[in-house]
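These notes concern the structure reproduced below.
What follows is calculated from the coordinates using simple rules that are stated; it is not laboratory data. What you see is a predicted model, and the numbers here were worked out from it, not measured in a lab. Note that each Cβ is placed from the backbone with ideal geometry, even for glycine, and that neighbours are counted across all protein chains shown.
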């Protein structure tokens, strides 16, 4: 609608399970991303410039053929279009300019972070094949909030002391039940220092939602029924970037829902460490019913390697499936490791040169405590601290209840780390930042690879957690960094 900035999230081709269709309108024109068939039936991404009143296509730009994650689209009233795409685990950025004639031109070339090396190659750029001049009819999974809804949301979020942002308009989408609208508001000297989230029911009531502060780098929103999802560019440190999706239930009880990863690195992102629903026997079998309720993360690609790119021969050589829980006594860990040759501890062999797991609490390059779970004799696993809080190398034995067991094609580890043994394993609710790495040594004494999922753990009292509990965890993150 001219004069009313809006975002539409649409499903233009139902045969595609993950749509990349989106539309953003400003005064006078709209920019729309859509999927398009290229040669040999391959799909790609099409960006259209449309006249907001007549819906006539005035310009286009294409990317493909290629496979893309859900794109990010940011449009300014001056005609600057920032497009974000996901290719092979890397985040690509390109800036387009809408000319006075309504054409689309690339003003900044497509670049990827990290750079693409080897397949997949950067997809070619071009122009779209437009089926007709008018783009009016398409099936939307989310329609833009009406001006009346936007006004209600703005009134609920702003005050003379907290005015709405001048540069960023409200965004949102609607379902049959209502509309979720995000209103950027000023905070101090920042034009869009905070994001206010409002649910406007179709029957009229307006409800402002409290939420964790995750919206600073979110680049797209959509509504599915009564759920809002924010698509966040969460660049992974020292590895391929990852996109993640954070969703929120809009009706009571308001909950932070499990994230749906939008990256080939399916295991990266937020991990909710929930309570064990039944007792866990730490015996290495991993067959207790409680484990069936825990989310499993998998590290089995080259992108998950921290060390040993040349030595790694594939998932059969080294990979891991990991689950975490907590109970009244401590944190529970279950790992199934694929390993074509298991090398446990042996006399005279350095521990780092044997098969083991590592818990690394480093974050953003900070030297922080690191711990190791070492495979010993008689199926026993010893927990040792290898780096202290000052970054010094140490070798201290710690209390734990851990066992390991040989399995076909590898081994399993089951562990309970008592409360208080590791400082950075928090009370509930609370945040932590640690990665679980599996270290492979096919030859005793030589660490060949180190790989695993890069996680941010939230210890919660129930999964999914309430927004109140999730917000408490976010506040603790800002107050206590490792």
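Reported to the nearest whole Å, the Cα centre-to-centre distance from the stretch 268-292 to the stretch 387-461 is 15.
Applying 0.36 nm per residue to the separation of residue 54 and residue 202 and subtracting their alpha-carbon distance, the gain on full extension is 50.4 nm.
Can you put 451, 331 in order of Cβ neighbours within 10 angstrom, beginning with the fewest?
Working: 451 26, 331 22.
Arranged by neighbour count, lowest to highest, 451, 331 become 331, 451.
If R₀ is 35 angstrom, what is the calculated FRET efficiency for the pair residue 293 and residue 27, using the beta carbon separation as r and rounding to 0.05?
Numbers: r = 51 Å, r/R0 = 1.44.
E between residue 293 and residue 27, to the nearest 0.05, is 0.10.
Here the spin labels are modelled as points 7 Å beyond Cα on the Cα-Cβ line, and at residue 191 and residue 349 they lie 6.1 nm apart.
The peptide list 304-314, 434-444, put in order of mean Cβ contacts within 10 Å with the highest first, becomes 434-444, 304-314. Taking the number of Cβ atoms within 10 Å of each Cβ as an exposure proxy, the fewest-first ranking of 180, 373, 450 is 450, 373, 180. Counted residue by residue at 0.36 nm each, then reduced by the alpha carbon distance between them, the extension gain from residue 393 to residue 427 reaches 9.6 nm.
For an R0 of 60 angstrom, estimate the FRET efficiency from the Cβ-Cβ distance between residue 80 and residue 405 and round to the nearest 0.05.
Details: r = 58 Å, r/R0 = 0.97.
That pair, residue 80 with residue 405, gives E of 0.55.
With a simple spin-label model that places each label point 7 Å from the Cα along the Cα-to-Cβ direction, the separation between residue 283 and residue 443 comes to 4.0 nm. For the pair residue 307 and residue 97, label points projected 7 Å from Cα toward Cβ lie 4.9 nm apart.
Rounded, prolate or oblate: pick one for the stretch 413-482, where a ≥ b ≥ c are the square roots of the eigenvalues of its C-alpha gyration tensor, a/c under 1.5 means rounded, and failing that, prolate if a/b is larger than b/c, else oblate. Prolate, since a/c reaches 1.5 and a/b exceeds b/c.
Fewest first, what order do 399, 457 take by the number of other Cβ atoms within 10 Å?
Numbers: 399 10, 457 23.
Sorted ascending by nearby Cβ count, the order is 399, 457.
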